[in-house]
Amino acid sequence: MRTELTIGLYGFGCVGQGLYNVLHKTRGLKEATIKKICVKHRDKPRPLPAEFFTFDREEILDDDTINLVVELIDNSDEAFAIVKEAMQRGKAVVSANKKMIAEHFDELLALQQECGVPFLYEASCCASIPIIRNLEEYYDNDLLHALEGIINGTTNYILTQMFTQNTSYRDALGSAQELGFAESNPHSDVAGYDAKYKLCILTAHAFGAFITPENVVNYGIETVSQHDFQYAREKGLRLKLVAQTRRTGDALSMWVLPQFVNAEHKLYQVLNEYNGVEVEGAFSDKQFFMGKGAGSYPTGSAVLSDISAITYNYRYEYKKIQQNNKPTFTNDVPVRIYARSTDSDELQTLHFESIDEQFSSKTHHYIIGTTTLTALRDSRIFESPSAFIALAA
Ligand code: HSE
C-alpha cells in the first residue's frame, strides 16, 4: 500500500521547477501533491499562482498536513536547519544537497534513527543515474574494490567543449551556468568540491565507511590550458575530472583529480554533462552506469524517484555502515601524474619517486612520474595558478 504524500518544497530554482514539471507530467504518481513552496526572493516572476508560495520557512514545518519536505535550496547551512527540524517534527525528507549531506552525514544518520523517518537523497549524486540505491542495495554481498567516475556534469561539459570546440574556459563555464548545470557558486564545481561531496556520499553507501570531505584530496580544472589539451591530442587521450575510491585490503583511498583517459577507458566516451561511474567488485567484476549528471529534468527526475520510493516506505538501511569490517582511510598511496608548469622549479617540489617522461619548451614544462597523493597535496605546485596536474593515463 502506498502512502499519500503532501509535499512542502523548499526552493524553486532549476531543480525545483524541474521537479514540478516532471511531477505533473508523471501519470504514475497520483499519491504526491505539492501544497506549498518556500522561496527566498519576493519579486522574482514565477510560473505558478502566488498562493503556492510562502516566504516563511516555518509555514511548511508548522503544517501538520505536510508529511514530506523536499529540500532543494542552495545554502547548505539553511538546508541542514530545515532538514533537521522537518525530521524532528516527524516529516520524511528528500534532498539533493550534496554539500549539506556530506558535511552532516553522521548527524543525519543519527537523526533518521532518532526520528524514525526516511531521508532520501538520490538526486544529490549523478542526477539521473540511480547510483545510491544500487550501491546501497546491491553490493552488500560482494567485496567492492573500486568506484571510479565522472560525477560532476559542469566540469565534464567544460572539458568537452574546450577539447572538441576549442571554446575558452570562461565561455564554456558561462554556457554550463546558462544550461543550469553549475552550482550557484561554480567554484565548488570547477575546484572539485562538488565531486568530493558526492564521492563521500557514494563511498559511504558502497564501502560502508563515511570519510569526511576534509580528509579527501581534491584538485580541479581552473588552471587547465591548451597545452594540456595539446598533450592529450598528441597521445590520443581525453581529459576528465575523475573521482575515485579504491580499497586495497583494509585500506581505503579517495581523491578527485583531473585524469587523462585513453580510448579503451569507459569514461572516454562520457561527454558534456553526462556522468559515468564504474564499480568494481571482487566477484562481479566491473559494471558501468552512465546518464545525465546535471540539469533541471535529470535532477528533478531523481527527486521524483525518491518521492515515489517514499510512497512505498523505502528507506536506506545503511547495512554496510552497521558492519564491523570498516576499512581505514589513507592518503599515502602512489599516484602516477602529469604535472605541467610554466616554472620548471615548481615541478621539483613534487618529490617524484620515478620519472617516465620529461618535456621542456619556451612556454611550458611537464613531467610524467610517480609520487604519493600526500606529497602531491603538500607540494607548492598544488596551489599554483601557473600549473596543472592530472593523473597520467
Ligand atoms: N553542479 C552539479 C554538476 C549539479 O555539475 O554536476 C548536479 O549535481
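The values are calculated or read from the model by the stated rules, or taken from the named source; none is laboratory data. Since the model is a prediction, treat every value here as computed from it, not as a measurement. Positions of Cβ are generated from backbone atoms using ideal geometry, with glycine treated the same way; all protein chains shown enter the neighbour counts. The accessibility values were calculated without ligands, DNA or RNA, using every heavy atom of the protein model including side chains. Shrake-Rupley method; radii C 1.70, N 1.55, O 1.52, S 1.80 Å.
The requirement of being modelled with pLDDT of 95 or more, crowded, with 20+ Cβ neighbours inside 10 Å and hydroxyl-bearing (Ser, Thr, Tyr) is not satisfied by THR330. Only one entry in TYR312, TYR338 is among the hydroxyl-bearing types (Ser, Thr, Tyr) and surrounded by 19 or more Cβ atoms within 10 Å (Cβ to Cβ), namely TYR338. Check whether at least one residue in the range 355-372 is assigned to a loop (DSSP other than H, G, I, E, B), open to solvent by less than 30 Å² (accessible area, probe 1.4 Å) and on the phi > 0 side of the Ramachandran plot, and report yes or no. No.
When the range 207-265 is examined, which residues are found to be among the charged types (D, E, K, R), open to solvent by 20 Å² or more (accessible area, probe 1.4 Å) and not in a strand (DSSP E or B)?
Within the range 207-265, GLU214, GLU222, ARG233, GLU234, LYS235, ASP250, GLU264 qualify.
The number of residues in the range 281-311 that are in contact (Cβ under 8 Å) with a residue 40 or more places away in the chain and part of a strand (DSSP E or B) comes to 5. Taken over the range 24-37, the criterion of being farther than 16 Å from PHE53 by Cβ and either within 26 Å of the chain's Cα centre (by Cα) or open to solvent by 40 Å² or more (accessible area, probe 1.4 Å) (or both) is satisfied by HIS24, LYS25, THR26, ARG27, GLY28, LYS30.
Do we have any residue at all in the range 60-73 that's without any contact (Cβ under 8 Å) to a residue 40 or more places away in the chain and hydrophobic (A, V, I, L, M, F, W, C)?
So far as the range 60-73 goes, no, none of its residues is without any contact (Cβ under 8 Å) to a residue 40 or more places away in the chain and hydrophobic (A, V, I, L, M, F, W, C).
Of all residues in the range 67-113 being of a type in the set (Lys, Arg) and open to solvent by less than 40 Å² (accessible area, probe 1.4 Å), which is farthest from the chain's Cα centre (by Cα)? Across the range 67-113, the extreme among qualifying residues is LYS91.
All of (1) away from the ligand (no atom under 16 Å from the Cβ); (2) out of contact with any helix residue (DSSP H, G or I) (no Cβ under 9 Å at 6 or more places or on another chain); (3) under 24 Å from GLN17 (Cβ atoms) hold for PHE119 with one exception: (2).
Counting only helices (runs of 4 or more DSSP H) that sit completely within the range 89-165, those holding 2 or more residues that are under 17 Å from VAL242 (Cα atoms) correspond to 153-165. With respect to the conditions (1) at pLDDT 95 or above; (2) more than 30 Å from GLY281 (Cβ to Cβ); (3) within 16 Å of the ligand (Cβ to nearest atom); (4) open to solvent by 10 Å² or more (accessible area, probe 1.4 Å), TYR193 lacks only one, and its number is (2). Restricting attention to the range 158-181, the residues that are within 24 Å of THR203 (Cβ to Cβ) and either surrounded by fewer than 21 Cβ atoms within 10 Å (Cβ to Cβ) or near the ligand (Cβ under 9 Å from one of its atoms) (or both) total 1.
Residues in the range 28-45: is at least one hydroxyl-bearing (Ser, Thr, Tyr) and modelled with pLDDT under 90? No; the residues of the range 28-45 include none that is hydroxyl-bearing (Ser, Thr, Tyr) and modelled with pLDDT under 90. The C-beta contact set for the range 126-155 (first residue without any contact (Cβ under 8 Å) to a residue 24 or more places away in the chain, second residue open to solvent by 30 Å² or more (accessible area, probe 1.4 Å) and not in a loop (DSSP other than H, G, I, E, B), distance under 6 angstrom, 6+ apart or interchain) is empty. Scanning the range 7-23 for residues that are under 15 Å from PHE52 (Cα atoms) and either open to solvent by 50 Å² or more (accessible area, probe 1.4 Å) or assigned to a strand (DSSP E or B) (or both) yields a count of 6.
Residue-by-condition table, conditions (1) open to solvent by 10 Å² or more (accessible area, probe 1.4 Å); (2) within 23 Å of ASN218 (Cα to Cα); (3) within 16 Å of the ligand (Cβ to nearest atom):
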site	(1), (2), (3)
CYS115	yes, no, no
ILE129	no, yes, yes
ASN134	yes, no, no
HIS145	yes, yes, no
ILE151	no, yes, yes
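If you take the residues of the range 266-291 that are of a type outside the set (Gly, Ala, Ser) and over 26 Å from ASP228 (Cα atoms), which of them is surrounded by the fewest Cβ atoms within 10 Å (Cβ to Cβ)?
Across the range 266-291, the extreme among qualifying residues is PHE283.
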